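S.K.: Let me give you the structure first, and then I'll get to my questions.
The values are calculated or read from the model by the stated rules, or taken from the named source; none is laboratory data. This is a predicted model, so every value here is computed, not measured. All Cβ positions, glycine included, derive from the backbone under ideal geometry; neighbour counts span all protein chains shown. Surface accessibility is based on the protein's heavy atoms, side chains included, excluding ligands, DNA and RNA. Shrake-Rupley method; radii C 1.70, N 1.55, O 1.52, S 1.80 Å.
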Amino acid sequence: MKEKPFDHNLNAIIYPNIVERWGLLEISVKGISSGNPFTERTIHGMFTGSQECIQTDGFYDGNGIYKIRFMPSFEGSYTFQLKGNFTNETFHGSFEVCSPEKENHGPVRVANTWHFIYEDGTPYYVIGTTCYVWNLQSNERIQQTLNSLRNSAFNKIRFCIFPKHYDYNLTEPRSYPYVGSPMDSKVLTRENFREYTGKTAGNHFNMQTFNPEHFRHIEYCIMELQKMGIEADLIVMHPYDRWGFSQMTREEDTLYWNYIIARFAAYRNVWWSLANEFDFLIHKSICDWEYYAQILCEKDPYRHLRSIHNGPVFYDYNRPWITHCSLQKQDLYKTAEMTDIWRERWNKPVVMDEMVYEGDIPLGWGNITGEELVRRFWETVVRGGYPGHGETFINEDNILWWSHGGTLHGESHKRFHLLLEIMKETPGIGLYRYHGVRGDELCAVPESEHNLPIKSYYLYYCSFMRPAFKEFYVDDETSYEVTIIDTWEMKRETVGIFKGKFRIALPGKPYIAIQLKLVK
């Protein structure tokens, strides 16, 4: 697909004349640059096609340039109109929307209450990871991260817009979201870093003046992820701060929320996470979070997925603005095992974004084995949810995937390709825990809302148990192809076709799954 930019009014406005469905149309236009354009100027657009009419806000991108972005949901001809006090003119134009390219399935939506689907109807199965500030590292490390992601099974990554101040993450970021400079004292160690947590003294940032380069770089990262089919789960706010960004006023927060929505909402692979560990943001109340959610619902015309991540305290995930539950551990030892309970509690997709990390740091949440994390992944999936990965291995450079990205050192990530393959073999969209088996067995079947017979597919998981065999019986007529899956050794063995009551010999080792597929 070729994009040829129109050029109107002696370069006053530039935009492409063709864009793919669910692609990003960007219009650049010159405007007033005096005063503070971030607070004093506005730009609004109306985009009209035969099947939709979308109103959206633009933003000031520095150097006298204003931009507005649009993600079309349909093919065909569109027109637009731009206005606002950024200029005395009103701009009009038109463009064509063509069919999407092969790997463009549109934004992700909720489907069948507990699962996800791309807008074109392709099922989406989350295999997520967390790299809080990979996007704020050096160019070299960012490329390392992108290469690692390219060779992984990950199709979602959580990361921050603001820089992060926490143990193993004490250096300054590549850029800041506002014009200004950080605190004078930069000599931070593992012993003194907590002294600076939450302090704003010594910081000189103007919370009314954004640094567009910071946001342009994040957009580059979002687009690189999009090229690989990876969802960008943006953490909008978080408590791990020494620059004052977690303590902004309601007015400053409002300016920030409106700006990031205008900049990021038109990217089809964006998800919104209002906060990481919202309950640790002591300067924000539930009323504040509901207020931010209201802005998001009003200003994001594309209805991207929305959630908020917990610390020790769960948010009320019954709130109507929340599309899915972004959860972390409530117990070091038992989190994945709660998946089916939590999804029934809130009747929404459950994404276990933090189940404790594979690694060896001296913090309880960051030193489980790869075997245990893979077990938790499978446990989550068979119980009807979606798992998230993290990795925290100590090294001499203090470059931990969980925060900086770079190179993966663990063993768990290598096993997720197989799990994703199995998830994609689900008839219809999504699994749920099947209770029509003995109470000591863990078995998943396709969601009954698919109007599929319950006996079309079974996925058993033995977890850390190691039975020598298992016996099965569905009925006397239905035949099943049986496959034994070693989830750690990444081996699949189809052992035959069976019906009636039958016994399958197993390896007698942990982490074995058994797949029964209906033979038609």
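S.K.: Would you check which residues across the stretch 88-134 are over 28 Å from Cys221 (Cβ atoms) and in contact with an Asp or Glu (Cβ under 8 Å, 6 or more places away or on another chain) and list them?
M.R.: Within the stretch 88-134, Asn112, Thr113, Trp114 qualify.
S.K.: Could I ask something else about it? Only one residue in Glu119, Glu103, Glu140 is out of contact with any helix residue (DSSP H, G or I) (no Cβ under 7 Å at 6 or more places or on another chain), modelled with pLDDT of 90 or more, surrounded by 16 or more Cβ atoms within 10 Å (Cβ to Cβ) and of a type in the set (Asp, Glu). Which one?
M.R.: The unique qualifying residue is Glu119.
S.K.: For Arg41, indicate whether it is open to solvent by 50 Å² or more (accessible area, probe 1.4 Å), of a type in the set (D, E, K, R) and over 26 Å from the mean Cα position of the chain (by Cα). Write out each step before concluding.
M.R.: Working: open to solvent by 50 Å² or more (accessible area, probe 1.4 Å): yes; of a type in the set (D, E, K, R): yes; over 26 Å from the mean Cα position of the chain (by Cα): yes.
Considered against the rule, which asks whether it is open to solvent by 50 Å² or more (accessible area, probe 1.4 Å), of a type in the set (D, E, K, R) and over 26 Å from the mean Cα position of the chain (by Cα), Arg41 comes out as yes.
S.K.: Of all residues in the stretch 45-87 being of a type outside the set (S, T, N, Q) and in contact with an Asp or Glu (Cβ under 7 Å, 6 or more places away or on another chain), which is most open to solvent (accessible area, probe 1.4 Å)?
M.R.: Filtering the stretch 45-87 for residues that are of a type outside the set (S, T, N, Q) and in contact with an Asp or Glu (Cβ under 7 Å, 6 or more places away or on another chain), the one most open to solvent (accessible area, probe 1.4 Å) comes out as Phe74.
S.K.: Only one of these conditions is not met by Tyr317: (1) in contact with a helix residue (DSSP H, G or I) (Cβ under 8 Å, 6 or more places away or on another chain); (2) on the phi > 0 side of the Ramachandran plot. Which number is it?
M.R.: In the conditions (1) in contact with a helix residue (DSSP H, G or I) (Cβ under 8 Å, 6 or more places away or on another chain); (2) on the phi > 0 side of the Ramachandran plot, Tyr317 misses (2) alone.
S.K.: For the structure I just gave you, tell me whether Leu442 is surrounded by 13 or more Cβ atoms within 10 Å (Cβ to Cβ), of a type in the set (A, V, I, L, M), within 24 Å of Trp342 (Cα to Cα) and touching a residue at least 40 places away in the same chain (Cβ under 8 Å).
M.R.: So Leu442 passes the test.
S.K.: Is at least one residue of the stretch 409-429 surrounded by 17 or more Cβ atoms within 10 Å (Cβ to Cβ), of a type in the set (Lys, Arg) and part of a helix (DSSP H, G or I)?
M.R.: Checked against the condition, which is being surrounded by 17 or more Cβ atoms within 10 Å (Cβ to Cβ), of a type in the set (Lys, Arg) and part of a helix (DSSP H, G or I), the stretch 409-429 yields at least one hit.
S.K.: Buried (at least 22 other Cβ atoms within 10 Å of the Cβ) and closer than 24 Å to Ile117 by Cα - does that describe any residue in the stretch 308-323?
M.R.: yes
S.K.: So Thr487 fits all but one of (1) open to solvent by less than 50 Å² (accessible area, probe 1.4 Å); (2) in contact with an Asp or Glu (Cβ under 8 Å, 6 or more places away or on another chain); (3) closer than 30 Å to Asn147 by Cα; (4) β-branched (Val, Ile, Thr); what number is the exception?
M.R.: Thr487 satisfies all of (1) open to solvent by less than 50 Å² (accessible area, probe 1.4 Å); (2) in contact with an Asp or Glu (Cβ under 8 Å, 6 or more places away or on another chain); (3) closer than 30 Å to Asn147 by Cα; (4) β-branched (Val, Ile, Thr) except (2).
S.K.: Going by the structure shown, is Asn112 in contact with a Gly (Cβ under 8 Å, 6 or more places away or on another chain) and either modelled with pLDDT of 95 or more or open to solvent by less than 30 Å² (accessible area, probe 1.4 Å) (or both)?
M.R.: no
S.K.: Let me confirm something: among Ser28, Ser77, Ser50, which residue is out of contact with any Cys (no Cβ under 9 Å at 6 or more places or on another chain), in a loop (DSSP other than H, G, I, E, B) and among the small types (Gly, Ala, Ser)?
M.R.: On the way: Ser28 fails: in a loop (DSSP other than H, G, I, E, B); Ser77 fails: in a loop (DSSP other than H, G, I, E, B).
Exactly one residue qualifies, and that residue is Ser50.
S.K.: Considering only the stretch 461-482, how many residues are out of contact with any helix residue (DSSP H, G or I) (no Cβ under 8 Å at 6 or more places or on another chain) and closer than 18 Å to Phe416 by Cα? Before you say what the answer is, go through the steps one by one.
M.R.: Initial filter on the stretch 461-482 (out of contact with any helix residue (DSSP H, G or I) (no Cβ under 8 Å at 6 or more places or on another chain)): 462, 465-473, 476-477, 479-482.
Next cut, closer than 18 Å to Phe416 by Cα only: 462.
Adding up the residues that qualify gives 1.
S.K.: A further question on this structure: Check the stretch 214-236 and report whether any residue there is of a type in the set (Lys, Arg) and open to solvent by less than 40 Å² (accessible area, probe 1.4 Å).
M.R.: no
Conditions tested, residue by residue: (1) at pLDDT below 95; (2) hydrophobic (A, V, I, L, M, F, W, C); (3) in contact with a Phe, Trp or Tyr (Cβ under 8 Å, 6 or more places away or on another chain); (4) closer than 18 Å to Cys131 by Cβ.
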| residue | (1), (2), (3), (4) |
| --- | --- |
| Ile322 | no, yes, yes, no |
| Leu363 | yes, yes, no, yes |
| Thr392 | no, no, yes, yes |
| Asp397 | yes, no, no, yes |
| His404 | no, no, yes, yes |
| Gly410 | no, no, yes, yes |
| Arg415 | no, no, yes, no |
| Lys424 | no, no, yes, no |
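S.K.: Is it true that some residue in the stretch 266-274 is outside any loop (DSSP other than H, G, I, E, B), in contact (Cβ under 8 Å) with a residue 12 or more places away in the chain, among the hydroxyl-bearing types (Ser, Thr, Tyr) and touching a helix residue (DSSP H, G or I) at 6+ places or on another chain (Cβ under 9 Å)?
M.R.: Taking every residue of the stretch 266-274 in turn, none turns out to be outside any loop (DSSP other than H, G, I, E, B), in contact (Cβ under 8 Å) with a residue 12 or more places away in the chain, among the hydroxyl-bearing types (Ser, Thr, Tyr) and touching a helix residue (DSSP H, G or I) at 6+ places or on another chain (Cβ under 9 Å).
S.K.: Scan the stretch 161-173 and give yes if some residue there is crowded, with 22+ Cβ neighbours inside 10 Å and part of a strand (DSSP E or B), otherwise no.
M.R.: No; the residues of the stretch 161-173 include none that is crowded, with 22+ Cβ neighbours inside 10 Å and part of a strand (DSSP E or B).
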